[in-house]
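Here is the structure we will look at, set down as structure tokens.
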Protein chains: 2
Amino acid sequence: MWNVRLPRLDVLPDERADRIERAALKLLEEVGCRFAYPPALRLFRQAGAELEGDVVRLDRGLVARSLELAPPTFRVRGRDPARSVEIGGEHVAIAPTGGAPFVLDPERGRRPPTAEDHRTFVRLTQAVPQFHLNEAGIVEPDDLPVTTRHLDMDYDVLRWSDKPFFPVGASAESSRDSVEMAAIAFGGREAIAREPVLLGIVNPISPLQYDERMAGSLMSYAQAGQPVVLMPFVFTGGTAPLGLAGALAQTTAEVLAGITLVQLVRPGTPCVYGSSISELDLRDGRPRFATAGHGLAMLASGQIARRLGLPFRGGGGFTASPVPDARAMQESLMALWPALLSGANVILHAAGWLEGSLVTSIEKLAQDVAALEVFERLLEADLPVDEESLALDALREVGPGGNFLGAAHTLRNLRRSSPVGGVGWRPWQDLLDAYEDPGIDSTVDDALRDYLARRKREARRAG
Amino acid sequence: MWNVRLPRLDVLPDERADRIERAALKLLEEVGCRFAYPPALRLFRQAGAELEGDVVRLDRGLVARSLELAPPTFRVRGRDPARSVEIGGEHVAIAPTGGAPFVLDPERGRRPPTAEDHRTFVRLTQAVPQFHLNEAGIVEPDDLPVTTRHLDMDYDVLRWSDKPFFPVGASAESSRDSVEMAAIAFGGREAIAREPVLLGIVNPISPLQYDERMAGSLMSYAQAGQPVVLMPFVFTGGTAPLGLAGALAQTTAEVLAGITLVQLVRPGTPCVYGSSISELDLRDGRPRFATAGHGLAMLASGQIARRLGLPFRGGGGFTASPVPDARAMQESLMALWPALLSGANVILHAAGWLEGSLVTSIEKLAQDVAALEVFERLLEADLPVDEESLALDALREVGPGGNFLGAAHTLRNLRRSSPVGGVGWRPWQDLLDAYEDPGIDSTVDDALRDYLARRKREARRAG
């Protein structure tokens, strides 16, 4: 991951941030959050929360106790320990986009993805040093059965990459599969509970609702001690109030409700505050990405997460453009800059996103990697000032009107001073060519394959 | 201009910034700065500076006294007083690119610009609200005689725009013309000395050198009390030492030498600290734009200017790409974001720049305006948090799992909440269609035309 030395941008005066937080707590006490999943409701009831049907009202005492249990930083282990990442504090870990139902094929255009595409993206993510986290489900392979494709996607990541990862998990069952397979690859459930190896993504169904699948997924991760990223993805005027303050309060309430459930399942399980507030254009009903409001809300969300003592997930390079053109690049960077300046500790969708999440493009991904290379240096803000870098000897040698091309100082520093950026991007094939198979212990691989085979048999019987 | 509420990004610990400033002062004392212009040398000699040929060594006392005379903020008046801009403090004023020897014609491709192109860009700059400063010489009309085209370009701005502006002025004589024409348009030399109407750009010939034309231009502006933007434009490893710290020290020294001369000519004349540090790739000898080093140097320069109590000029949307493609957009935004976060008070080249300053593109300009619209809202960071914006009533009304599309709060706030950005850009023709001729008093116009005719006659006689 990167160690960010560039300061974060706080956009909210303290008084405004306070007010948003108080509104979130009020929402949880007065309106509540729906959890359409009986095991979750049982836990809330045991904890003394007030239930009305499947709507849970949480008092601020319970929320505060849950927040205290969630660590401000934590570590996620990679299959190669050198690739482990710290989540929180001054660190930021980057991942490409995920979840798209289409790929933009450089030759054949927009089409459903295949299992082969999925492996390609997993390898590409492994190969590019600017990605710190790999991801199952960068695209959704259309040639694999729906009920079991999560197993194949998780296997791809565990087999072809040694970076920590986001599993597919989108229900109690599939998240349990993710955890089981990770346990096989990393020495058992106890080992991964001690040192987490994956980041589970849980999206509330905004406003203020976790459905059966999401609440179930959350509980599966928490039971296994795996970190949970609570990630509302809202549109103001649609799934959140119009304007930004209300959407920020709602996002905060949804995250806090999720964190409370995680901590009831297993106290101390790491949680990440996620936020992505986009705007609907109510004149045509269309979502707009990378607006000014999106950027401001991203900065404000990061600030609120910091105040709550939680790692923050922001991102990414959002755009509505269906092709990797100048518009796509403009929107991506108008969204990605605020995410990186927000103090986000995890950025998903940092590369390859197109058409409002419908499309993953390998060409756009390669373009975005060029920006990430520049961001890496910029955010680490390494600007040494010492005798050698001040170069007064060179300035004396060259003097007014001269030229530094042949100066002793230039020749001495030639290797250390290669510029980063400003030359466009390498073709995606070049990035992929750098891929090296990290290998896998054959007994582990056999065990993973056995698990896959067994679960597929069960699915066939059930189907 | 915009009132920026987003915090600035300081990248240098105080100790490092101190060291760069001390190195700059040392450079001026020990190496000195060349002024290849006898009137400037006379002023320096009278002020007690040590001269060796045309190299002037400035002691830190003289430099400090000059700095104290330069105001931290000042006002530049527009022909329409409502378009006057404050330079410095929390303000930022934006201008499109300038000085390109080619235009990229949307139909005919890259070609030499004409006088008609120049008028088109002046009108476009007048029409777009995100440009606060107009500019003579956005392109260099190839169909006008070299010796007098500055007159036509300055006239275009004075006639077709009522915004404050950058004149062409690139020598003692042509800057005197700029001042004289501005005096005609704004009520005389005394009036413009009391309240400046233009921003003169003076580029040192790095390293540490002002040639006859630039020193002469500087003195013409200063004599007329017009603000001077001291703008080194250096390439590390070529016109500045390799690495960033030395280039920052050199840039600071060049700016301070220029400011000292301005204050010797006319104490209290406003000065702007300018900086643009780009990197040469010494493997192929090519300049690279929008690198990580460029961004860091921009942020550091803004910080140094703030410490010196000077307004800062940064910018702009730099790229080496010859066409307005995704690469051009990526590089532009990787350069423009740091400029805006550096606390720049004046940003030149914010739109329309291509091919390393060789080309102005009207299509790229329109693309960049879309980003500027987003920047405007982002930088003003207007995120109200009050009862209405928190929308708790809407959240209570809609409740878990609902939808805000028809909520009373949504309908009530519909007009106030249009998203900015996320829809690409309008065609440049649309931007130009919004142009309205601001008109000009006919006696002023006649006087300007008389001045042009007289100066052109003189040039013909001299030629």
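Quick one: which of B:Gly246, B:Gly295 is part of a helix (DSSP H, G or I), touching a Pro at 6+ places or on another chain (Cβ under 6 Å) and within 8 Å of chain A (Cβ to nearest Cβ)? Please lay out each step first, then the result.
Values: B:Gly246 fails: touching a Pro at 6+ places or on another chain (Cβ under 6 Å).
The unique qualifying residue is B:Gly295.
Taking the condition more than 41 Å from the chain's Cα centre (by Cα), under 29 Å from B:Arg34 (Cβ atoms) and at pLDDT 95 or above, does A:Gly399 pass?
Working: more than 41 Å from the chain's Cα centre (by Cα): yes; under 29 Å from B:Arg34 (Cβ atoms): yes; at pLDDT 95 or above: yes.
Answer is yes for this residue.
Checking the condition buried (at least 24 other Cβ atoms within 10 Å of the Cβ) and not in a loop (DSSP other than H, G, I, E, B), which residue from A:Val157, A:Val168 passes? Spell out how you get there, then give the answer.
Working: A:Val168 fails: not in a loop (DSSP other than H, G, I, E, B).
Going through A:Val157, A:Val168 in turn, the sole match is A:Val157.
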Seminar exercise, completed: Residue pairs within 8 Å by beta carbon, gap of at least six or interchain, first lying in the range B:290-304 and within 10 Å of A:Leu378 (Cβ to Cβ), second of a type in the set (D, E, K, R) and assigned to a helix (DSSP H, G or I), listed first then second, are B:Ala292/A:Glu373; B:Ala292/A:Glu376; B:Ala292/A:Arg377; B:Gly293/A:Arg377; B:Leu296/A:Arg377
For this session: List the number of the failed condition for B:Ala344; all other conditions in (1) touching a helix residue (DSSP H, G or I) at 6+ places or on another chain (Cβ under 7 Å); (2) assigned to a helix (DSSP H, G or I) hold.
Result: (2)
Exercise. Pick from the range A:175-191 the residues that are buried (at least 24 other Cβ atoms within 10 Å of the Cβ) and of a type outside the set (A, V, I, L, M): which of them is farthest from A:Leu452 (Cα to Cα)?
Worked result: A:Ser175
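I'm trying to understand the selection: among the residues of the range A:240-279, which are of a type in the set (Ser, Thr, Tyr) and touching a Phe, Trp or Tyr at 6+ places or on another chain (Cβ under 7 Å)?
A:Tyr273, A:Ser276, A:Ser278, listed by residue number.
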Exercise. How do the strands (runs of 3 or more DSSP E) wholly within the range A:35-151 filter down when requiring 2 or more residues that are touching a residue at least 40 places away in the same chain (Cβ under 8 Å): which remain?
Worked result: A:74-76, A:85-87, A:91-94, A:102-105
Seminar exercise, completed: Going through (1) at the interface with chain A (Cβ under 9 Å from one of its Cβ atoms); (2) in contact with a Leu (Cβ under 6 Å, 6 or more places away or on another chain); (3) not in a helix (DSSP H, G or I) one by one, B:Gly268 fails only at (1)
Exercise. When residues of the range B:14-31 are filtered for being facing chain A (nearest Cβ under 7 Å) and small (Gly, Ala, Ser), how many remain?
Worked result: 1
Problem set entry | Candidate set from the range A:59-100 (those that are among the basic types (Lys, Arg) and under 18 Å from the mean Cα position of the chain (by Cα)); member that is surrounded by the fewest Cβ atoms within 10 Å (Cβ to Cβ) | A:Arg75
Problem set entry | Residue check for B:Thr410: free of Cβ contacts under 8 Å to residues at least 24 places away in the same chain, of a type in the set (Val, Ile, Thr) and surrounded by fewer than 19 Cβ atoms within 10 Å (Cβ to Cβ) | no
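Mind listing whichever residues of the range A:303-319 are outside any loop (DSSP other than H, G, I, E, B) and in contact with a Phe, Trp or Tyr (Cβ under 8 Å, 6 or more places away or on another chain)?
A:Ile304, A:Ala305, A:Arg306, A:Leu308, A:Phe312, A:Arg313
Just for the range B:158-171: of the residues that are of a type in the set (A, V, I, L, M, F, W, C) and more than 16 Å from the chain's Cα centre (by Cα), which one is nearest to B:Tyr451 (Cα to Cα)? Please lay out each step first, then the result.
Filtering the range B:158-171 for residues of a type in the set (A, V, I, L, M, F, W, C) gives B:158, B:160, B:165-166, B:168, B:170.
Checking which are more than 16 Å from the chain's Cα centre (by Cα) leaves us with B:158, B:160.
Details: B:Leu158: 13, B:Trp160: 17 Å.
Applying the filter and picking the extreme gives B:Leu158.
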Problem set entry | Where a residue in the range A:205-228 is farther than 17 Å from A:Phe166 by Cα and in contact (Cβ under 8 Å) with a residue 24 or more places away in the chain and its partner, wherever it lies, is in a strand (DSSP E or B) and of a type in the set (Lys, Arg), with Cβ under 8 Å and at least six apart | A:Leu208/A:Arg34; A:Gln209/A:Arg34; A:Tyr210/A:Arg34
Problem set entry | Answer residue from the range B:273-292, given it is hydroxyl-bearing (Ser, Thr, Tyr) and under 19 Å from the mean Cα position of the chain (by Cα) and is nearest to the other protein chains (Cβ to nearest Cβ) among those | B:Ser278
For this session: Go through (1) surrounded by fewer than 20 Cβ atoms within 10 Å (Cβ to Cβ); (2) of a type in the set (A, V, I, L, M); (3) touching a Gly at 6+ places or on another chain (Cβ under 6 Å) and name the single condition A:Val56 misses.
Result: (1)
Exercise. From B:Ala290, B:Ala300, which residue is in a loop (DSSP other than H, G, I, E, B), crowded, with 24+ Cβ neighbours inside 10 Å and out of contact with any strand residue (DSSP E or B) (no Cβ under 7 Å at 6 or more places or on another chain)?
Worked result: B:Ala290
Exercise. Quick one: A:Pro322 ticks every box in (1) outside any loop (DSSP other than H, G, I, E, B); (2) surrounded by fewer than 24 Cβ atoms within 10 Å (Cβ to Cβ); (3) not small (Gly, Ala, Ser) bar one, so which box is it?
Worked result: (1)
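Take B:Val11 and tell me if it is within 11 Å of chain A (Cβ to nearest Cβ) and assigned to a strand (DSSP E or B).
Working: within 11 Å of chain A (Cβ to nearest Cβ): yes; assigned to a strand (DSSP E or B): no.
No, not satisfied.
Suppose the filter is more than 8 Å from every other protein chain (Cβ to nearest Cβ) and modelled with pLDDT under 95; does A:Arg306 pass it? Before you say what the answer is, go through the steps one by one.
Values: more than 8 Å from every other protein chain (Cβ to nearest Cβ): yes; modelled with pLDDT under 95: no.
In short, no.
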Seminar exercise, completed: Filter the range B:195-237 for residues that are more than 18 Å from B:Gln263 (Cβ to Cβ) and assigned to a helix (DSSP H, G or I); the one that is nearest to the chain's Cα centre (by Cα) is B:Arg213
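Looking at the range A:428-443, which of its residues are exposed (fewer than 13 other Cβ atoms within 10 Å of the Cβ) and not hydroxyl-bearing (Ser, Thr, Tyr)?
Let us first name the residues in the range A:428-443 that are exposed (fewer than 13 other Cβ atoms within 10 Å of the Cβ), namely A:429-430, A:433, A:436-437, A:439, A:441-443.
Across the range A:428-443, the qualifying residues are A:Gln429, A:Asp430, A:Asp433, A:Glu436, A:Asp437, A:Gly439, A:Asp441.
The values are calculated or read from the model by the stated rules, or taken from the named source; none is laboratory data. Keep in mind the model is a prediction, meaning the values are calculated, not measured. FYI the Cβ positions are ideal-geometry reconstructions off the backbone, even for glycines, and counts take in every protein chain you see.
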